[in-house]
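Have a look at the structure below before the remarks.
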Amino acid sequence: MIFSNVSEHLLPLQGTANTRDLGGYPTLENHSTKQNVFFRSDSSSNFTAEDITLLTDRGVGCVIDLRSDNEVVQKPSKIIGHSHVTYQQIPMIGDLSALATRKEDFTSMAVLYKYLLDEAGASIAEIFHIFAQALLAGHACLFHCAVGKDRTGTIAMLLLKLAGVSDELVIEDYAITEVFMKEVFAQQRKECEENNISAPDALFASTPENMESTLKHLADTYGTARDYLLSIGVSTEELETISNMFVQE
């Protein structure tokens with residue numbers, strides 16, 4: 001299991017519970033992903049000053065916020081205006097909270113992930129453009145949404161598959177969020193109940209089947225992650241930059 005030693009991936013931040021280094025994962029070509037290149041996280045709206053210092057010490061100079069405009073207004077990122085970190089908001093979907101109440105559409109979160117691949121290509125391409133530019137400038141990248149599970153999980157999946165990580169490890173990287181965010185999910189569920197919001201159970205879990213189904217959709221519809229990213233407008237040069245800087249021999 002890639003999380004047999006959680007401390008190798010999970011960062012000890014005060015304001016988040018699910019900030020992780022995507023480095024240290026073996027690839028199918030007997031290489032591994034590099035540490036301090038890509039970080040996935042829950043919301044940067046709760047970062048403390050100490051958290052930001054820890055991240056910049058690890059080389060983070062680029063933060064991409066995947067949340068909608070409404071989410072950012074309600075809970076602004078603590079990175080905004082930071083002198084040493086470039087903050088960019090690239091919404092992957094509109095008002096997720098409104099969609100979340102439509103139980104017929106959320107029988108599983110895989111429905112959302114497939115939708116993102118099929119319909120949010122322009123946003124995903126922009127995210128990968130920024131990744132390549134930041135890496136060339138010598139900056140590590142952190143990307144996040146609200147809880148670091150769905151939108152963040154989709155981007156993490158594409159990065160890990162581009163690097164050559166196995167489906168099994170990609171699924172494990174996704175599923176572990178449910179462990180790290182257990183207390184947060186419990187609080188969110190309680191708040192929904194108190195406000196008479198009937199949210200689907202799928203919102204508070206990261207079951208492996210969601211990512212298994214998404215990976216099958218990616219393979220059946222587009223081929224590889226590289227094929228998919230090329231199809232939405234990420235250039236060969238950008239993909240080579242990301243791969244070369246994310247994978248160590």
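Each reported figure results from applying straightforward, stated rules to the coordinates on display, with no laboratory input. Everything numeric here is computed off the predicted structure, so don't read it as measured data. Counting neighbours? That spans all protein chains shown, and the Cβs are built from the backbone with ideal geometry, glycine included.
With the highest mean first, a sort of the peptides 209-221, 15-27 on other beta-carbon atoms found within 10 angstrom per residue produces 15-27, 209-221.
Applied to segment 19-31, the Karplus parametrisation 6.51 cos²θ - 1.76 cosθ + 1.60 on θ = phi - 60° returns per-residue 3J(HN,Hα) values of 8, 9, 7, 7, x, x, 9, x, 10, 6, 9, 6, 10 Hz, with x for Gly and Pro.
Mind jotting down the distance between the C-alpha centroids of segment 11-43 and segment 136-189, whole Å? Rounded to whole Å, the Cα centres lie 9 Å apart. Of the peptides 38-44, 238-244, the ranking by mean beta-carbon count within 10 Å, highest at the top, reads 38-44, 238-244. With R₀ set to 22 Å, the beta-carbon distance separating residue 89 from residue 137 gives a calculated FRET efficiency near 0.70. Using the Karplus relation 6.51 cos²θ - 1.76 cosθ + 1.60 with θ = phi - 60°, the per-residue 3J(HN,Hα) values for segment 172-186 come to 5, 4, 6, 5, 5, 4, 4, 6, 5, 9, 3, 5, 5, 4, 4 Hz, with x marking Gly and Pro. Listed options for Rg and Dmax of the Cα atoms in Å are [x] 17.4, 64; [y] 16.9, 53; [z] 17.3, 49. The value calculated from this structure is the one marked [y].
Averaged over residues, the count of other Cβ atoms within 10 Å places the peptides 126-136, 66-76 in the sequence 126-136, 66-76, highest first.
Shown in residue order for segment 39-48 are the 3J(HN,Hα) couplings computed by the Karplus curve 6.51 cos²θ - 1.76 cosθ + 1.60 at θ = phi - 60°: 10, 9, 7, 7, 4, 7, 6, 10, 4, 8 Hz (x for Gly and Pro).
Full extension of the chain between residue 196 and residue 243 gives 12.3 nm of extra length, using 0.36 nm per residue less the Cα-Cα distance. For the residue pairs 161/216; 75/190; 114/182, the alpha carbons lie more than 22 Å apart in 114/182.
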